[in-house]
Every structure is written in structure tokens, then in C-alpha cells.
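Taking it in order: structure first as C-alpha cells, then the write-up.
Coordinate-derived values only; no laboratory data. Quick caveat: nothing in here was measured; it's all calculated off a predicted structure. All Cβ positions, even for glycine, are placed from backbone atoms using ideal geometry, and neighbour counts span all protein chains on display.
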Amino acid sequence: MSFFRKKIYATAGFNTISLGSGRKEFHPKKPRPGIEHYIKEAGLGSIDQINKPENIDEGVIGNFMAERFCRQGNLGGFFPMVHPTFQYKPCIRVEGACDSGGLALVTAIKTILADLADVVLCIGFEIQNSVKAIYGADYLAGAGWYSGERKKGHAYFFPDQFSQRAGACFEKFGKERIRAGMAQWYVNAIENARKNPKAQEYHNRNSDLMSTGLTPPNPKVFCEHINVFDCSKVSDGASAMMFTSEEGLKKIGVDGKDAVEAVAYAQIQDNLTTPPPDLTKLSTCEIAAKHAYQRAGIKSKDLSVLDVHDCFSIAGLLAVEAAGFADHGEGADFVKEGNTKVSGQIPTNTTGGLIGYGHPTGASGVRQAVDIVHQLLGKAGDCQVKIDSNRPYGMMSSMGGNDKTVVAMIFEKLE
Amino acid sequence: MTLDERLQNVAVIGAAGKMGSGIAVLIAQEMAKLKLKPENNDKIYRLNLIDVSEKALDGMRLYMKTQLLKVAEKSTVTLRGIYEGREDLVENAEIINAFVDDSYALLNFTTDIKVTKDAHLVFEAIFENEEIKIKVLKTLRELVNEDTLFMTNTSSIPISYLDEKAGLGGRIIGYHFYNPPVIQRLVEVIAAKATTDELKDVAQELGKKLRKTLVSSSDISGFIGNGHFSRDGLYALNEVERLKDKYEYHGSIYIMNKISQDFLVRPMGIFQLIDYVGIDIIECLLRVMRTHLDDESLTSSLIDKMANNKILGGQYSSGAQKDGFLKYEKNRPVGVYNIEGGKYFSFDDEWRKNIDNDLGILPEGYSPWRTLLSDAKKQDKLKAHFNNLKKMNTWGAKLALSYLKKTKEVALKLLSDGVATSADEVNAILTNGFYWLYGPINDYI
Ligand SMILES: NC(=O)c1ccc[n+]([C@@H]2O[C@H](COP(=O)([O-])OP(=O)(O)OC[C@H]3O[C@@H](n4cnc5c(N)ncnc54)[C@H](O)[C@@H]3O)[C@@H](O)[C@H]2O)c1
């Protein structure tokens, strides 16, 4: 028995460039594209891959903080702008901090399962370069509990939350060992991004990534246990993808060979007002992955490709553990040994992840799904990994806040 | 009196100038941090910013706001700790604005030098003119308390001379910030013969507080930094006189600028640097040094002529370079001045190609200064660069090697004259203050 009461397909994925420091075309003082541009570029990028856009029934927009980064609310209102046939069609904006994109995927699937639509277009986006990082840190801190945590929190609130996790892991499992895993995570992220022309680190030419990854932290200006290379990027970008029913796929004129099946997801919410039960673990991510595997009727070893939410290198290591690939405390060694490289046991974040591709927060969950779908379809360009016919699955896992809001979703390559 | 006590009341004279305003930014933030300590809550802190130009002071208000904002944005990690007790300030933006307001509240902008009377520490940063500096220092001496200490930013006037003429009895020290003081890490410290131990200690302690790299220099006109720069520049100016018969002024200036920037891998060519500093400033520097050192060789007729023609270089308030020996577009040289014709020649590809041909190619594996700056293997690469240069038989390589040799001689002479007491000091000044990748005292030559 499959988890969904009817078949759900994913198709027509598209990512914009992740724009920000690192990209040659980025200049902090020059004008840049705004919300209208990103929603439209991503939306049209998806629409261009189908035949009948008029048969798209609904839209979902995932975004975290446009209210503060761009002083703009009512984001659903940008959906009809994407295509003339979208006028007066339903669209909802969803928000769950850095998992807003993940929630957009889930919302699209729910609408189809409820028989209210056959084709839903998901668009996730974020614009973060509108303010300096020190003010952006304030906005992003909204993913934590403002009245309970912000005042005593760090200037770089979220980096510090994960710096504390890194510190806890150092203490429990050995500093050198964890640090080496974190640096290797950074190296893999950049190496993968160099093959992805849309990635923010695509132009990175650093010849000694390992030393850069091992840069000692400077707590006077940043965090105690992590350096800036351990962090995902400040990014502007958008991603889009369509979910359809079997009927819907026909309606938009997409051939089965251009779609994959979404077989299961788990969306898990932890209490924002309580601290994480164990700093050395992503407990919520772990539950989400477990549920997703169970619902899909598969095990972690059935995956050919994985995309996790590496907002920080330490989060990457812990997410690999949470996805069931390494035991508690062993994620660093697992990564250090090369198991998550594109040539490794479980190719992970093959297009760069949040550290290499970039992290336009509201887009990230959608971007992860797009990249998994591209891998399963053999459309991942230079980032393509081998999809074993015995392991036709890929999973994405996205996270909002400090392991608070999580979506894990599993896709299967069609026969 | 401790340094922290002194920092309750400070004055900067010439505050609206390039150096004065930078010093003001540095001191204002330290004073604000002191004031924000709970135990200092009820004390009054005052930074008096004094300048003769009301107009310049007006511009300075906005400058101080923007600079203090930048400072606060860069030190928010620390500031969050300082404002821990303020429950009403939660977000970074609120804390940053509070710090700008609290620092700004200490400032008193005025043309009235009398406000200095309660200052415990005075920074003098008016322009490089002996008579005016002495006059102002005398006025100040009469105004202030007996234990007030003075720090002068003079680039070339011997501190003992200022001390004696102004009758300060050793309460003055040379505290030579580099431009711009907010960014440049280096401060050259010059004690006069009579400078008190207390003041020497204050100078060291302040340097630590401001996170500066202090290098001491003997009290000999020009000190280490300008002692080297002036002679290094004069060498290039004299070379121009030698080469001008064949290449005219504009060709020769182009050549020496290229030799210093590319062949010697410096951050900018010598003539761009001269323009950056200001041709009038250099004219003044040479004049002061010539007088105090009684050394006629510290003269350049080319500099004098340029100053006479009012072709002065320098910078706009944005930091962009003004035209001098070279003409600039977006801070890149696009032309060069010929004093004989009294006009600029635009760099023309054909013309440049001809000269570059005469100079010959750069050594194999050459990387420009900017690339090497962040290269972990820069020391090896520089060594290889100069080794290659020695193996080459081109005219460019010869010019470069004689320049390299001269630069080293100038530095060694600073040692034998007692301006500096070690090679490390000279090298530290050139690498920290002038951003060279290597010190002039090296074994490349
Ligand atoms: N600019 C540099 O690169 C640099 C570097 C190191 C040291 N210095 C030295 O610093 C000092 C200041 O240089 P600057 O470049 O800032 O000059 P500047 O011309 O930018 O500023 C000098 C300021 O002093 C003011 N002033 C003049 N006479 C005054 C008086 N009697 N009372 C009060 N204010 C008066 C002027 O209005 C002006 O605002 C000089 O001694 C110079 O040699 C300059």
C-alpha cells in the first residue's frame, strides 16, 4: 500500500542563479533584480518545460521574510503576474522560516490529494542582499523564538546556535574529528558547486579548500566554534517545480519520462519555545526521515542521492546522521572518508547544497527537491550521479529554525 | 592619571582634516565604550573636535555619523555584550543605533580652542606648518592643566623641536597615524629627547586599546616612514630627469611608475603613490626635511615645478585620486603629465606598446601585488620573481634591480643614521604602512 491515496508526480523543476558574494556578476552597491523578477524567472523557467500552462490549477509561494528584507507582504499576489492564465486562480503563500520551501512542496501535494487541483506550481524565493549581513541576521533570527531567545542571543543569532551545536559535538566526540568532518563538508560543497553554473560558488577558484575550511574561528567578530566558511551563503534566488496527479500530467502535456513520482513525505513540527533536547543531534530531522522512509516503504540504503539542509557544515554532518547514514557522532568520519562525495556511497548535496549553491531561504526546500528530481531524471548536467536501478530513490530533507520545522520528501524514478 | 581617566576629556585640533577626523572616530568609540561601563554611568565624557574651518566641521558631523555607524556594524558582537543590561535593545539594528547615538553624544564640534582647557589628552593634527603648529601648541600650553599630554601627528617635524619651541617640557610625543587612521594599522611613535616616561607609557597603552601596530622611530626629521618614502620617491624623480632626453617627461614617469608597480610588485606605482599623498604635501615634506637635516639633496625641481603649476594630486573626499603626475579615471591611471608642454598625454596603446617593448617582458610566473597579497606561498613566489629578474637581460629588469638596490640602501642608511634601530622596524613600516609584500631590507639583492 502506498502512502498517498493517489499517485503524485513532480516535474518541470527550475532554479535561478543564487546571487550573492562569490558570483562575478554580484556587486553589493549595484541595483539587483527584485521579487517580481525572481518569481517570474522561476515560474516561467518551470512553465517553459510544459505544453499547457493554462491547465495549471493553483500556485503556492514559499518565502520566509520578504516583509523585512523587501518590505513586502501579500506575496500570493505575485502569482498572477507570472502568466496571464493565472489571473483569479488560487495561490497561497506559506512560511516556515528556512523550511518555507519545504512547506510549499507539502502544500502543493496536499491540495492534489484533496482532489482540489491536478496541477500545482510551487515557487520558493528569497532576497537577502537588500541589507548588510549584520541586519539580515536580525531578520533571520525570526526563525527562533523572539521573546524567549533573541535578547540573550548572539549578533549572528543562527550561526551562533549552530556554533553551540558544533561546540557540543567537539566536547562529546572530539574536536579534531568533528572539525575535520566540517572542513571536508565545505570542500565537497565547493567542489560540487563548481560543476553547477547556477551556484553561488561556481566561480570559486580557491586551490586549497581544505585550509580554508579549517580557518580558525574568530569569536571577537563572529562565532566561537565555526568560521564563515562553515556557513551557508547570503543569497537572492528562486526555484520552482510542479506537482501533478496522473491526470494533471496529461493535462499539461508532459511525458512520463520527464516526471518522477513523489512517494512519501513527512512534515514534523517541534515546539519553538523549548530548547533542542540534544545539541549533538537533529532530533526532529531524524524523526522526519524515519517517517518518510517508513511511509515510502524503503530504507536509507535504497537512496541513490540525498539533499540535506546544510545551513552550516555542522548541520550537514548531523543531517547525514539524521537521514540514517551514520550513527550518532559518526557523521564527521563518514563525511571525512568521502562517503558523501559524488563518487561515494551516498552522493549528498551534489549541486553544492546551501553552502555551495547558496541559501535563498524561502527557495531552498524547493531547490533541493528540484535537484533531486533532476538527478533521478538524468538532467543534472555536470552534477549528474549514477542512479542505480536497484536504488531508484532520492530524498530531500529541509529544516526551518534550529531543527524546528522539518520536511523530508522521497522521490522515485519512474520505470 | 590612568589612560582611562585621560579619555574622559580629549581634544583633537585640526579635527576636520583627513587625519584629525580619523583620529576622532577612533577615540570616540573608545570613550563611548568607557562611558557605557556601569561604573562610569554618572561621569561626563567629552571629545572636543576643534578646527578653524566652520564649514569643514559641518561636513564632519555627517562623516562622524557614517563612520561610527560602520564601526558599530563591525563590532556588534562586542556591543551586544556592552548593552546586555538594556532590555529595550534587542535587535542588532537597535544596538548599533544606540552605540552611534551614545558615541555621537560625546562630541563637541567647535572652532573655539578654549574648550581644550579641561582636556587630559590633546591630539594635534593641523597641517604640516611649523610656525602654525608651534603657535597653536603654545596657545594650548597656556590653556590646559599642567599634566595634560600632547600627541602630534606631524609627518616630518622633529618632536624635540616642537617641544622646545612650544615650551611643553616633554609633555609631547610623535604619534604618527597613517592615512586613513581608521583603517591603517600602523602608528609610528616618536619620543622627543625630553618626552616623559608617563607619556611613553600612555602612548603604548593607547596603541593597544586602538589595536594598532606601534613602531618606534628616532626623532630625526621624516622619521622612518617618510624618511624612506621621500628618498625612494626622489630616486624615481631623479631617474625621470635622466630618462627624459629619450622618453620625455611623460614617458619617463610612465616607465618608473611601471617599474615600481609591476617589476617591484608594489601595491601602486611610485608616481601614483606620490599623487595619492599629494604633490604639495611632498614638496612640504622635502622642505621640512631639507631644513632640519641640512641636506640639499632632498630636493626635486620637478616636484617644485608641479606644485608651482598647481598640479597637486591628492584625493577627493570619496577617497578617489585627483590628477597629479598621472591622470585618473575610476582610480586607474589613464594618462600622464608632461611639465614641459603643461598637459596630459592619454595612454595610447601604440605608445605604451613601444615603451613596454623597450622595457621587455615581466619575469615568467609574475603575479601582480593584489594576487600575491592573499597567496599563502607569496614569499616563495617573490623570491622566484626576483631571482628570475636577475637572470634577465632586459632594460626593464636592469631598471628594476637598480631601484631595488637603491631602496635597500635608503633603508640601510636609516639604520646607520640611527633613525631606526633594526631592520625589522624599517621593514615593519613599509609592510604595514605602505602595504609592501616585502621589506626593503631583504636578500633579494
Ligand atoms: N594626509 C596624510 O596622509 C598624513 C599622514 C600622516 C600624517 N599626516 C600629518 O597629519 C597632519 C594633518 O594632516 P592632514 O592631511 O589631516 O591635513 P588636512 O589639511 O586634511 O587637515 C588639517 C586641518 O587642520 C585645520 N587647521 C588648520 N589650522 C588650524 C588651527 N590653527 N587650529 C585648528 N585647526 C586648524 C584645517 O582646517 C584642516 O581641517 C599634518 O601634520 C600631516 O603632516 C598626514
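Between B:Lys133, B:Lys208, B:Lys193, which gets the highest mean-square fluctuation from a Gaussian network model of chain B, Cα cutoff 10 Å? Judging by the Gaussian network model, the answer is B:Lys208. Each 20 Å bin from zero up to the one holding the largest Cα-Cα distance in chain B carries the following percent of pairs: 24, 52, 23, 1. Each label point was placed 7 Å from the Cα along the Cα-to-Cβ direction; for B:Ser53 and B:Lys322 their separation is 1.0 nm. Per residue of peptide A:127-135, the mean number of Cβ atoms on other chains within 10 Å of the residue Cβ is 3. Cross-link pairs exceeding 18 Å between alpha carbons, from the set B:Lys383/B:Lys413; A:Lys29/B:Lys70; B:Lys114/B:Lys138; A:Lys30/B:Lys330: B:Lys383/B:Lys413. Each principal axis of the Cα cloud of the stretch B:42-167 was evaluated for its coordinate range; sorted largest first, these ranges are 53, 30, 25 Å. Compared with the alpha-carbon gap, the fully stretched path from B:Asp380 to B:Glu329 is longer by 14.9 nm at 0.36 nm per residue.
Around the amide H of B:Phe109, modelled in the peptide plane, lie the amide H atoms of B:Leu49, all under 5 Å away and 5 or more residues distant in sequence or on another chain. Of A:His154, B:His120, the sequence from fewest to most neighbouring Cβ atoms within 10 angstrom is B:His120, A:His154.
With R₀ set to 56 Å, the beta-carbon distance separating B:Phe347 from A:Asp48 gives a calculated FRET efficiency near 0.75. With respect to chain B, whose longest principal axis is taken over its alpha-carbon atoms, helix B:225-258 is tilted by about 30°.
Here the stretch A:31-175 yields Rg over Rh of 1.08, to two decimals, using C-alpha coordinates and the Kirkwood radius.
Taking 0.692 mPa s as the viscosity and 37 °C as the temperature, the Stokes-Einstein diffusion coefficient of the stretch A:158-284 based on its alpha-carbon Kirkwood radius rounds to 180 µm²/s. Mean silhouette area of chain A, derived from the convex hull of its C-alpha atoms and averaged over all directions, reads 18.2 nm². Rounded to two decimals, the Cα-based Rg/Rh of the stretch A:339-414, with Kirkwood Rh, is 0.96. Label the stretch B:317-445 by shape, choosing from rounded, prolate and oblate, from the square roots a ≥ b ≥ c of the eigenvalues of the Cα gyration tensor; if a/c is under 1.5 it is rounded, and otherwise prolate applies when a/b is larger than b/c, oblate when it is not. Prolate, because a/c is 1.5 or more and a/b exceeds b/c.
Given C-alpha coordinates of the stretch B:164-221, what is the ratio Rg to Rh with the Kirkwood estimate of Rh? Expressed as Rg/Rh, it is 0.98.
For the stretch A:42-54, putting each phi into the Karplus relation 6.51 cos²θ - 1.76 cosθ + 1.60 with θ = phi - 60° gives couplings of 5, x, 5, x, 7, 4, 4, 8, 10, 9, 10, x, 5 Hz, in residue order, rounded to whole numbers and with x for Gly and Pro. Counting Cβ atoms of other protein chains within 10 Å of each residue's Cβ and taking the mean over peptide B:85-93 gives 5.
Mean-square fluctuations from a GNM of chain A, with a 10 angstrom spring cutoff on Cα atoms, peak among A:Gly394, A:Gly181, A:Gly253 at A:Gly253.
Could you state, as a whole-number percent, how many of the C-alpha pairs of the stretch A:242-363 are farther apart than 26 Å? Percent of Cα pairs beyond 26 Å in the stretch A:242-363: 30.
The overall shape of the stretch B:3-216 is prolate: from the C-alpha gyration tensor, with semi-axes ordered a ≥ b ≥ c, the ratio a/c is 1.5 or greater and a/b exceeds b/c. When Rg and Dmax are taken over the Cα atoms of the protein assembly as shown, they come to 32.3, 100 Å.
For the stretch B:225-433, the alpha-carbon radius of gyration amounts to 1.02 times the rule-of-thumb value 2.2 N^0.38 Å expected for a compact globular protein. In terms of its C-alpha gyration tensor, the stretch B:278-348 has an oblate overall shape, because the principal axis ratio a/c (a ≥ b ≥ c, square roots of the eigenvalues) is not below 1.5 and a/b does not outweigh b/c. Applying the criteria of a DSSP loop state and at most 16 other Cβ atoms within 10 Å to the GluC sites (Glu not before Pro) of the stretch B:329-380 yields B:Glu340, B:Glu364.
A Stokes-Einstein calculation at 10 °C with viscosity 1.306 mPa s, built on the Kirkwood radius of the stretch B:95-215 over Cα pairs, returns a diffusion coefficient of 104 µm²/s. 3J(HN,Hα) along the stretch A:347-358, derived from phi through the Karplus expression 6.51 cos²θ - 1.76 cosθ + 1.60 where θ = phi - 60°, amounts to x, 10, 6, 5, 9, x, x, 6, 7, x, 6, x Hz, with x in place of Gly and Pro. Add +1 for every Lys or Arg and -1 for every Asp or Glu among the other residues with Cβ under 12 Å from the Cβ of B:Lys305, and state the total. Taking every Cβ under 12 Å from that of B:Lys305, the sum is -3. Measuring r between the beta carbons of A:Lys89 and A:Phe4 and using R0 = 22 Å, the FRET efficiency lands at 0.40. GNM on chain A, alpha-carbon springs under 10 angstrom: the most fluctuating residue among A:Glu337, A:Glu321, A:Glu286 is A:Glu337. For the stretch A:293-360, the spread of Cα coordinates along the three principal axes comes to 32, 25, 21 Å, biggest extent given first. Using the Cβ-Cβ distance between B:Leu415 and B:Leu373 with R0 = 25 Å, the FRET efficiency computed as 1/(1 + (r/R0)^6) comes to roughly 0.40. Radius of gyration (Cα atoms) of the stretch A:219-303, expressed as a multiple of 2.2 N^0.38 Å: 1.63. Electrostatic tally near B:Ala16: other residues with Cβ closer than 15 Å to its Cβ, Lys and Arg +1, Asp and Glu -1, net -1.
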